[in-house]
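Reviewing the structure listed below.
What follows is calculated from the coordinates using simple rules that are stated; it is not laboratory data. All values derive from a computational prediction rather than experimental measurement. We place every Cβ from the backbone using ideal geometry, glycine too, and count neighbours over all the protein chains shown.
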Amino acid sequence: MLAVQNLEVVYDDVVLALRGVSLEVPDGKIVALLGANGGGKSTLLRALSGLLDIHNGEIRKGVVTLDGASIGQLKASAFARRGIKHVLEGRRVFKELSAEENLRVGAHANRKNLAANLDRVYELFPVLKDRRDGQAGLLSGGEQQMLAIGRALMSDPRYLLLDEPSLGLAPKIVEQIRDIVVEINRQGTGILLVEQNATMALAIADHGYVVENGRVVMDRPAAELRNDADVREFYLGLG
Ligand code: ATP
């Protein structure tokens with residue numbers, strides 16, 4: 001299990017972005033992380049994937065653990081080697097490279113089974129197979145998001161941290177991404193899903209957390225959150 005306990009994170013020694021957060025991503029589950037902008041969701045993903053350093057952030061208190069062992073002090077490459085992959089917000093692909101070159105770059109943490117992983121990604125995303133030789137920068141927004149997820153899958157991760165995969169995409173593409181996330185999970189990968197689209201996230205998640213101002217304000221099974229009056233009003237627009 002991947003987890004944080006009582007985590008406090010500061011940026012530039014002054015901005016307190018997380019104020020004692022505890023969260024668990026059990027193996028093989030989908031966990032949704034919801035909350036308004038600036039609440040600390042991306043910061044939490046960075047802490048879970050070793051990316052705080054490059055943003056001048058640091059853990060001031062608490063721990064990040066993998067199977068009970070503290071890993072918060074490791075570098076990002078070590079998180080990747082342990083099977084934790086973070087798909088950043090905003091579809092960061094290498095625009096000048098072809099789709100397939102992007103996928104091959106994604107295998108750097110684990111070159112074993114490269115061919116099998118490539119086949120698996122193409123099975124999940126047939127459109128990427130069709131466009132394997134095309135320049136990544138010329139793919140549609142949805143295809144670039146698929147490529148970013150596909151690249152992370154090339155190391156066959158144990159956990160996938162997804163930061164707003166549906167942002168700015170048409171409803172039909174959001175449905176495709178949702179179905180693919182469910183399939184990736186069905187194949188065994190634990191998912192931590194940060195989403196503004198709370199309806200989508202809670203529809204597929206096992207468990208959900210809501211963060212506000214650097215604190216967890218709800219920590220409950222997704223089915224309960226779907227029926228919670230406050231969640232329905234503030235996050236699902238069903239008030
Ligand atoms: P969003 O969806 O807008 O990214 P979020 O819930 O992911 O929101 P974070 O991006 O984690 O929230 O931001 C949490 C707090 O930390 C905010 O107050 C934000 O301004 C601050 N913050 C985030 N990144 C940095 C940074 N690199 N340097 C300084 N402060 C930062």
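Figures for the structure shown
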quantity	calculated
Long-range amide H partners of E89 with built H, under 5 Å	D163
Inter-label distance for L138 and K75, nm, one decimal - labels placed 7 Å from Cα along Cα-to-Cβ	3.6
Principal-axis tilt of helix 141-153 within the chain, Cα atoms, nearest 10 degrees	80
Selected from G188, G168, G90 as most flexible by GNM, with the chain as the system and alpha-carbon contacts under 10 Å	G168
Cross-link pairs K29/K61; K95/K129; K112/K172; K75/K129 - those with Cα-Cα distance over 23 Å	K29/K61; K112/K172; K75/K129
Cut-off under 5 Å, modelled amide H: who pairs with I30 long-range	I191, D206, H207
Rounded to 5, percent antiparallel among DSSP beta bridges of the chain	60
Cα long-axis angle, helix 114-124 against the chain (0 to 90 degrees, to the nearest 10)	80
Measure of compaction for the chain (Cα Rg per 2.2 N^0.38 Å)	0.98
Note, ³J(HN,Hα) from phi for the stretch 89-95, Karplus 6.51, -1.76, 1.60, rounded to Hz, x at Gly and Pro	4, x, 6, 7, 10, 7, 5
Amide H partners (placed H, <5 Å) of A17, local residues excluded	V9, V10, Y11
